[in-house]
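Working notes, beginning with the structure itself.
Read the figures in this text as sums done on the coordinates, not as results from a lab. This is a predicted model, so every value here is computed, not measured. Here the Cβ positions follow ideal geometry from the backbone for every residue, glycine too, while neighbour counts run over all protein chains shown.
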Amino acid sequence: MSGFLKSSIGRKVAMALSAFFLMFFLIIHLAVNITSIFSEDLFNKLSHFMGTNPLVQFALQPVLIFGVVFHFVMGFVLELRNRKAIGVSYAKNNGAANSSWMSRNMIYSGLVILAFLVLHFIDFWIPEINVKYIQGDMSGLVEETQDFRYYEELQHKFLSPLRVGAYVISFVLLALHLLHGFTSAFQSMGATAGRKKAMQTFGKIYAIAIPLGFIIVAVWHHFNHH
Amino acid sequence: MSVLDSKVPKGPIKDKWTTYKDKINLVNPANKRNIDVIVVGTGLAGGSAAATLAELGYNVKAFAYQDSPRRAHSIAAQGGINAAKNYQGDGDSTYRLFYDTVKGGDYRSREANVYRLAEVSANIIDQCVAQGVPFARDYGGLLDNRSFGGVLVSRTFYAKGQTGQQLLLGAYSAMNRQIARGKIQMYNRHEMLDVVKIDGKARGIIARNLITGEIERHSAHAVVIASGGYGNVYFLSTNAMGSNATAAWKIHKKGAFFANPCYTQIHPTCIPRSGDYQSKLTLMSESLRNDGRIWVPKNIKDAKAIQQGKLKPTQIAEEDRDYYLERRYPAFGNLVPRDVASRAAKERCDAGYGVNATGEAVYLDFASAIQRYGKEQAKIHGIKNPSKEKITELGEAIVEAKYGNLFQMYEKIVDENPYKTPMMIYPATHYTMGGVWVDYNLMTTVKGLYCIGEANFSDHGANRLGASALMQGLADGYFVLPYTIGDYLADEIRTGAIATDTKEFEEVESEVKERINFFINNKGSKSVDYFHKRLGKIMWDKVGMSRNEKGLKEAMAEIKALREEFWKEVKVPGKAEEMNPELEKAGRVADFLELGELFAKDALMREESCGGHFREESVELEGEQKGEAKRNDKEFAFVAAWEYKGEPADAVLHKEALEFNDIELKQRSYK
Amino acid sequence: MNLTLKIWRQKGPEDKGKLVDYKVNDISEHMSFLEMMDVLNEQLIEQGDEPVAFDHDCREGICGMCSMYINGEAHGPDRGVTTCQLHMRMFNDGDTIYIEPFRAAAFPVIKDLVVDRTAFERIQQAGGYISVNTSGNTQDANAIPISKHAADEAMDAATCIGCGACVATCKNSSAMLFVGAKVSQYALLPQGQVEAADRVRNMVAQMDLEGFGNCTNTGACEIECPKGISLENIARMNREFLSASFIDS
């Protein structure tokens, strides 16, 4: 075990494990978001639960943040190491002949996702922290109407076409990231050939369905504002 | 009494090796630590020897001109490795393997050595399996065998079509283990350029670091040469581009006798040359002859039209085709031995019936096999009145299953689909049975200087059986040399480390440097390849598949003249103190230009036809065998060991009489 | 056909090196790529220039000596072949062909197109073997039956020729296909399992030490591998490494 995280394969595995965690989180996140299309009430209730439940807030949330930070930091560490391993670059390199664009540009799709996360934090997470832990308002209610504020805030955010555009682009990049990342994570964990085919299919479905779901939610709220 | 002492132990052939091993001198483990052994070449023989000697405790220094031992040309062997395991229960035994090898060698090998080879063959398989060599297995999980080269039993072990590769990687892995332990010092990209003798004993080598160009001295208590064969004397051969005779030739010049240089194996199923730029020839497994029919056009007019590209082989009617092997050898047909098939192809092409632009190719046609298999399959699948297309489709599937990889390789190289149009083949130099003379201990005529694998002469006689080259290389390296070298080294335990700052090392080093400087400074006008190609042409035309007195005499004179021209006109660009592939080639070709002449001289001396050596003057004059090779056991049942005396033409012949006590000499017949 | 070649020339490890343009004419489509290089070199020698140094030996696709990054791909645009088996019919009259050495920090250039691949040697020495001494008394070859499936899979892994195309192709210069193939061959055979944990740990440690990059599963190595070594071998190595790290330590 000693030095496991210093070894190349150890880091791959760590990268894959954090990816699994994040992919699982995406499912939960989307599941909550999707409800906003069908039921304002349910969405508000779920949001309030997620935002105030101590287990989620003080156990899962730090793990999630750690997972996100770890995945990004490790991604950069590996990228730097890999750049160093290349040495001199080719004058002519035909990467398209043997690999997908997604697989060769994980760092760039990752960077876009990082930029999105910054936006996302500014949009939702920082205001949340501000309201709940700095102003100490754990009620989740809008003062004037005494309704839950989550749905309102969500709708408000997707008013701006610019923001919706940024969201859509980010989620397209997330799809590209996942199109390679999903099966890659399994491969890193040593998944075998027998299961490979099914996994690839499932990976494709996941990589397209999840980001598409987020996009639908954003676009739906943009056009169905009330 | 000859100066040659083969040191074959007395006693019945079955007990010779066992009894000998029991009485041989051993070196105790503590003393082995103080003894150095140099191994030049890291193919099957050199690699296995280096690993085993290191396991025993000797300090080994191994040399390879490639960047890794794994790249030695043993890696290219396709077919398999023979071993008398009798796993198939088809009556195989040590004696049968021994018998087949001696007979296949046309009774020109040393009986005791061959018996020992057959004896240790089974150990090789055990050893390789223990090393993790993935031999082919059957569904029960046991090792699979196939029959090879027309013998009556299935004793060939194989790993797909890459047996040589897997065996070499096995030896390489054993070497790696010892390199990691520090018992082998590996010198990659180093070329041995001469041997150093002190008081008549081999004590080291001079080697060139091929990266820096530095000339290095390396000392040892014994030197083992495992540098492979000299097939590249023909320029075009199935050998690797770098395969060379320099180590073997340099030790010859320092006193090691060179035996039977004229014994060369020309393999019949190679892909023909397509133009003058051709750099090497590619072998296709001889198994193709099991189903392919060999032919050329019957009419010279058709042959000419084909050569000019005006006619396609598929347009020639059945009755206008000459299936010359089936015509000449009705009993064996297309399955005659390698040398017979090769010569017959040459005979047709020389008469003008060759079938590609160069006129040096014959057809290997699978059309009738495809039809035969197709009809069989139609029957098996219960298809009534199958269409011609259906039959062809079914037949092609069977042929693909059997030879798919070879067909694919052929198509990649020639760009023709061999399912639709006949393959073209032509013979090419493949293996050299001759080599440095060694005694039963594998020691040359120089004390402390050993020679193993293809580089020596001992086990294959005048012709090598299929799947026995790998066997010999590994037998020498794993199981023979590590014992026999102990007998010599037992007297070296008090010698101590051998200094390299002696006058002997200095002298040889300055000879080596002088020659390198000559090449670099020579203001010639022709590249090394220019001379190599010309040498190859002389060798192929006059010392090739069939030889006669007139041609051989001409060849000797032409090679000598070419050699003189070479030393005047050769042009080597670049510097000595850097990586310089042209300089490497120049040294190798200089040696080939000497070896080629001795080769012709040996062929001229041997006025008989035996194995790979066919003298047009020595053929059966009448009877069923009329026109076929005629061996002369009365006058030529000996090993011709040549002693260097300055010029190759002045070499002195020493004969080692061959005695066959356990085998009856027979003439081969394939009619 | 007539071609323009852009070839990497570098006098030695310390030299900076650059691409130099050459023209070759009347190239036959039947030539192999290396025979085309021979023609160029003969031309250069005649002109009094220094020929291009490149690695090559068997010229039948098995020794693994030849390298070259041709038009942006290891061993050129054809599949399942080494450079020596690449034929000029893959190119067209008037083409410009880029010819560069295999690139990786762990494969420093020695001269022109010749690179130093001894990093592979050291990885093999770290554990690419089964610790068995030579003796005439090793147990019989048939003493341990091995399923045909396992033997065939081991054979597929063992066909690696150690050319380094995987490293050269990989955008991260990762050597995992090469190491994975060797680890797999032994992991699949009962003979190799005794020291499997030590083997994978040591070989991976050496691979990292040599400065090869990390696998990001792009799959480019598998496509460019002249012997079609499967990515599956990397997955198997990952499993072996995981179990060696957590179970057998």
Point to revise | Given B:K61/B:K250; B:K103/B:K634; C:K6/C:K227; B:K346/B:K402, the pairs whose alpha carbons are separated by over 24 Å | key: C:K6/C:K227; B:K346/B:K402
Exercise for review: Taking 7 Å along the Cα-to-C-beta vector as the label spot, tell me the C:R89-B:E416 distance in nanometres, rounded to one decimal.
Suggested key: 1.1
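Could you put B:H460, C:H75 in order, starting from the residue whose Cβ has the fewest other Cβ atoms within 10 Å? Walk me through the numbers before you get to the answer.
Numbers: B:H460 33, C:H75 28.
Going from sparsest to densest Cβ surroundings: C:H75, B:H460.
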**Study point:** Using alpha-carbon coordinates, inclination of helix B:503-521 to the longest axis of chain B, degrees
**Key:** 50
Exercise for review: Assuming 0.890 mPa s and 25 °C, estimate D for the protein assembly as shown with Stokes-Einstein, Rh taken as the Kirkwood radius over Cα pairs, in µm²/s.
Suggested key: 76
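As a test of the formula, what do you get for chain A when each DSSP H run with n ≥ 4 contributes -39,500 (n - 2.57) and the sum is divided by the residue count, at 222 nm and rounded to the nearest 500 deg cm²/dmol? Numbers along the way, then the final one.
On the way: 9 runs with 160 residues, N = 226.
About -24000 deg cm²/dmol.
What dipole magnitude, in Debye to the nearest 20, does the protein assembly as shown give about its Cα centre under +1 on Lys/Arg Cβ and -1 on Asp/Glu Cβ? Walk me through the numbers before you get to the answer.
Numbers: 130 positive and 135 negative charges, 166 e Å.
Using only the charged Cβ atoms, the result is roughly 800 debye.
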Check your understanding: Which FRET efficiency, nearest 0.05, do A:K45 and A:L111 yield, Cβ-Cβ r, R0 25 Å?
Key -> 0.10
Check your understanding: Listing C:F33, B:F407, A:F21 from the residue with the fewest other Cβ atoms within 10 Å to the one with the most, what is the order?
Key -> A:F21, B:F407, C:F33
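Please report A:V73, B:V195 as a ranked list, fewest other C-beta atoms within 10 angstrom at the top and most at the bottom. Provide the component values of the computation, followed by the final result.
Working: A:V73 11, B:V195 27.
Ascending Cβ contact count within 10 Å gives the list A:V73, B:V195.
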Practice item. When a/c is below 1.5 the answer is rounded, else prolate if a/b is larger than b/c, else oblate, so apply that to the stretch C:118-245 with a ≥ b ≥ c taken from the square roots of the Cα gyration tensor eigenvalues. Key: prolate
**Study point:** Helix-derived mean residue ellipticity, 222 nm - over chain B, DSSP H n ≥ 4, -39500 (n - 2.57), to 500
**Key:** -12000 deg cm²/dmol
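Which value, in debye to the nearest 20, describes the size of the charge dipole of the stretch A:2-223 about its Cα centre when Lys and Arg Cβ atoms bear +1, Asp and Glu Cβ atoms bear -1, and nothing else is charged? Before the final figure, lay out each step's value.
Details: 17 positive and 11 negative charges, 359 e Å.
In debye, rounded to 20, the stretch A:2-223 gives about 1720.
Only helices at least 15 Å long along their axis, Cα-based, and averaging -1.0 or more on Kyte-Doolittle count here, so list those DSSP H runs from chain A. The partial results should precede the final answer.
Working: long enough: A:8-38 (46 Å, 1.69); A:40-52 (18 Å, -0.34); A:61-86 (37 Å, 1.05); A:106-120 (20 Å, 2.23); A:161-188 (39 Å, 1.16); A:193-223 (45 Å, 0.72).
Passing helices, by number: A:8-38, A:40-52, A:61-86, A:106-120, A:161-188, A:193-223.
Could you order the peptides B:350-356, C:158-164 from most to least packed, using the average number of other C-beta atoms within 10 Å per residue?
On the way: B:350-356: 18.6, C:158-164: 24.6.
Per-residue Cβ counts within 10 Å, averaged per peptide and sorted highest first, yield C:158-164, B:350-356.
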Study note, to complete from the structure: Counting all Cα-Cα pairs in the stretch C:1-153, those more than 29 Å apart amount in percent to 33
Study note, to complete from the structure: When the charge dipole of chain C is computed with +1 at the Cβ of Lys and Arg and -1 at the Cβ of Asp and Glu, the Cα pointing farthest to the positive end, of C:T216, C:G180, C:A244, is that of C:A244
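Sort the stretch B:185-234 into rounded, prolate or oblate with this rule: let a ≥ b ≥ c be the square roots of the eigenvalues of the Cα gyration tensor; rounded if a/c is under 1.5, and if a/c is not under 1.5, prolate when a/b is larger than b/c, oblate otherwise.
On the way: a/c = 1.96, a/b = 1.17, b/c = 1.68.
Note, shape of the stretch B:185-234 comes out oblate.
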Practice item. Rounding to the nearest 20 debye, state how big the charge dipole of the stretch C:118-245 is about its Cα centre with +1 on each Lys and Arg Cβ and -1 on each Asp and Glu Cβ. Key: 120
Check your understanding: Which one of B:S93, A:L119, A:L55 is farthest out on the positive end of the charge dipole of the protein assembly as shown, using unit charges on Cβ (Lys, Arg +1; Asp, Glu -1) and the Cα centre as origin?
Key -> B:S93
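How crowded by other chains is C:152-162, given as the mean number of beta carbons from other chains within 10 Å of each beta carbon?
Per residue, the number of nearby Cβ atoms from other chains is 5 on average.
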Point to revise | Peptide-level mean, for B:636-644, of C-beta atoms on other protein chains within 10 Å | key: 0
Practice item. Quote the FRET efficiency, to the nearest 0.05, computed for B:E376 versus B:N405 with a Förster distance R0 of 25 Å and r equal to the Cβ-Cβ distance. Key: 0.65
Exercise for review: Bin all alpha-carbon pair distances of chain B at 10 Å intervals from 0 and give each bin's fraction as a whole percent.
Suggested key: 3, 15, 26, 27, 18, 8, 2, 0, 0
**Study point:** Most positive-pole-ward Cα, C:M37, C:A119, C:T96, against dipole of the stretch C:24-144 from beta carbon charges
**Key:** C:A119
**Study point:** Inter-probe distance in nm under a simple model that places probes 7 Å from Cα toward Cβ, at C:S147 and A:L60
**Key:** 4.1
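Using the C-alpha atoms of the stretch A:2-223, what convex hull volume per residue, in cubic angstrom, is computed? Mind dumping the intermediate values first?
Details: hull volume 36.3 nm³, N = 222.
Per-residue hull volume (Cα only) is 163 Å³.
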Review point. Expressed as a whole percent, how much of the Cα-Cα distance distribution for the stretch B:194-338 exceeds 28 Å?
Key: 47
**Study point:** B:K537 versus B:V619: modelled label distance in nm, points set 7 Å from Cα along the beta carbon direction
**Key:** 2.7
Study note, to complete from the structure: Partner shielding of B:570-578, taken as the mean number of other chain Cβ atoms within 10 Å, equals 3
Study note, to complete from the structure: Per the 1/(1 + (r/R0)^6) rule, R0 = 45 Å and r from the Cβ atoms of A:L159 and A:K6, FRET efficiency to 0.05 is 0.40
